[in-house]
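> Got a structure for you, questions after.
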Amino acid sequence: MSLEKKDEYDHKSWMKKKDLTPIESVFLTSLIWLDKRLRIVDYLELMETLYYRVNLQMPKSHTEQYNLDNKFWYWYPLYTLGFFSTLAYVVAAISGALLGFYYSPSAAAGGEAAGTVAYQSIAIIMQDLQFGFMLRSIHRWSAQVMVAAVFLHMLRVYFTGAYKEPRELNWLIGIVLISLTMVFGYTGYLLPWDQLAYWAGQIGVEMSLSIPLAGEWIAQLLFGGFSLGQATLQRMYIIHVFLLPFVVTTLIAIHIGIVWVQGIAEPH
Ligand code: HEM
């Protein structure tokens with residue numbers, strides 16, 4: 001029930017009678033203030049119910065079910081690879097957001113200095129910005145570590161048989177995640193718009209064009225045409241900094257949520 005009804009008569013004198021500490025009365029007054037406007041007590045109760053429901057985990061592993069002493073496998077180092085993938089992702093996301101303050105996704109010529117505006121903004125990050133070279137290196141390294149960790153995590157899951165029933169869905173989400181991790185890498189690689197980026201983009205266009213029937217349409221959609229330009233860079237940028245972060249963060253949350261509900265698979 002909402003606090004609104006309870007306190008319609010007199011929450012102030014009730015609070016006085018209770019002899020509350022100052023912290024308790026500030027907390028209750030704020031709660032009542034918020035509840036009158038946003039009905040938050042209802043939502044808090046809903047979250048509490050949800051919390052207890054979610055805690056009803058699936059049948060536990062053999063070790064947990066029979067409360068066996070041998071939980072040594074919990075500490076196998078290769079079981080930390082999923083966590084390392086998550087950690088690398090978080091570091092890449094934070095350093096990427098900071099790089100976004102300085103990077104401009106423009107393929108226009110950058111005035112007197114060589115290269116485009118995008119290329120020059122990277123040069124500024126590397127040469128002029130305090131610790132800019134470090135920020136960019138942290139972003140690149142965390143991205144590489146993530147690709148390696150995700151791949152090794154997948155091997156760990158495969159070789160311990162952890163993809164089997166009831167974890168098939170998480171394996172499939174994993175396949176989507178490793179694919180999107182690579183798309184993250186590819187779109188990011190194009191952003192400096194240097195020679196490496198440009199020719200990697202060209203390969204991407206040609207690979208898309210080689211797809212039967214839908215090839216031209218896909219090249220148009222992903223690269224903004226058959227030759228590279230502003231449309232290409234802008235698309236890579238939006239995929240890299242807007243679309244993928246939303247989708248990948250959501251999928252990682254679901255992936256880890258499922259691990260939480262199902263428990264870690266015991267090695268066979
Ligand atoms: C962004 C990429 C990924 C992240 C952040 C991630 C994260 C995690 C984490 C933290 C766990 C808990 C257990 C552990 O750390 O080993 C886990 C388990 C699992 N992951 Fe991933 N993962 C990713 C990609 C993948 C891929 C590519 C696959 C397979 C195609 C996969 C399939 C699974 C499965 C089946 C489990 C359950 C394993 C078990 O119960 O022992 N994941 N993942």
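The values are calculated or read from the model by the stated rules, or taken from the named source; none is laboratory data. Since the structure is predicted, the reported quantities are computational estimates derived from the model, not experimental observations. Cβ sites come from the backbone with ideal geometry, for glycine too, and all protein chains shown count toward neighbours. Heads up: the accessible areas ignore ligands, DNA and RNA and are worked out on the full protein's heavy atoms, side chains in. Shrake-Rupley method; radii C 1.70, N 1.55, O 1.52, S 1.80 Å.
> Would you be able to say whether some residue in region 129-149 is at pLDDT below 95 and of a type outside the set (S, T, Y)?
Within region 129-149, not a single residue is at pLDDT below 95 and of a type outside the set (S, T, Y).
> While we're here: From the set of residues in region 130-148 that are surrounded by 18 or more Cβ atoms within 10 Å (Cβ to Cβ), more than 11 Å from the ligand (Cβ to nearest atom) and of a type outside the set (S, T, Y), which is farthest from Y189 (Cα to Cα)?
That would be G132.
> Restricted to region 1-54, and to residues that are open to solvent by 70 Å² or more (accessible area, probe 1.4 Å), at negative phi and of a type in the set (D, E), which residue is modelled with the lowest pLDDT?
Only one residue fits best here, namely E4.
> Still on this structure, I have one more. When you check F151 against the structure, is it within 14 Å of the ligand (Cβ to nearest atom) and out of contact with any helix residue (DSSP H, G or I) (no Cβ under 6 Å at 6 or more places or on another chain), yes or no?
Considered against the rule, which asks whether it is within 14 Å of the ligand (Cβ to nearest atom) and out of contact with any helix residue (DSSP H, G or I) (no Cβ under 6 Å at 6 or more places or on another chain), F151 comes out as yes.
> Moving on. Among (1) modelled with pLDDT under 95; (2) more than 15 Å from the ligand (Cβ to nearest atom); (3) not basic (K, R), where does I264 come up short?
(2)
> Turning to a different aspect of this structure: If Y102 satisfies every condition in (1) open to solvent by 40 Å² or more (accessible area, probe 1.4 Å); (2) at pLDDT 95 or above; (3) over 27 Å from L196 (Cβ atoms) but one, which is the exception?
Here Y102 meets the rest and fails (3).
> Out of the residues in region 154-175 that are open to solvent by 70 Å² or more (accessible area, probe 1.4 Å) and in a helix (DSSP H, G or I), which is farthest from the ligand (Cβ to nearest atom)?
Among them, the one singled out is F159.
> Return the pairs, sorted by first residue and then second, in which the second residue is outside any helix (DSSP H, G or I), the first residue lies in region 203-225 and is closer than 20 Å to Y237 by Cα, the beta carbons are less than 8 Å apart, and the residues are 6+ apart or on different chains.
Sorted first by the residue in region 203-225, then by its partner, the pairs are V205/F226; V205/S227; V205/L228; I218/I211; A219/G225; A219/F226; Q220/F226.
> Here's a follow-up. Given region 176-268, what helices (runs of 4 or more DSSP H) lie entirely inside it while holding 1 or more residues that are of a type in the set (S, T, Y) and either open to solvent by 70 Å² or more (accessible area, probe 1.4 Å) or assigned by TED's automatic domain parsing to the domain that holds S85 (or both)?
Because the criterion is at least 1 residues that are of a type in the set (S, T, Y) and either open to solvent by 70 Å² or more (accessible area, probe 1.4 Å) or assigned by TED's automatic domain parsing to the domain that holds S85 (or both), the helices (runs of 4 or more DSSP H) in region 176-268 that meet it are 195-209, 230-238, 244-262.
> Before we move on, is F84 within 11 Å of the ligand (Cβ to nearest atom), open to solvent by 90 Å² or more (accessible area, probe 1.4 Å) and not charged (D, E, K, R)?
yes
> Is it fair to say W193 is within 27 Å of the chain's Cα centre (by Cα), of a type in the set (F, W, Y) and either at pLDDT 95 or above or more than 30 Å from G257 (Cβ to Cβ) (or both)?
yes
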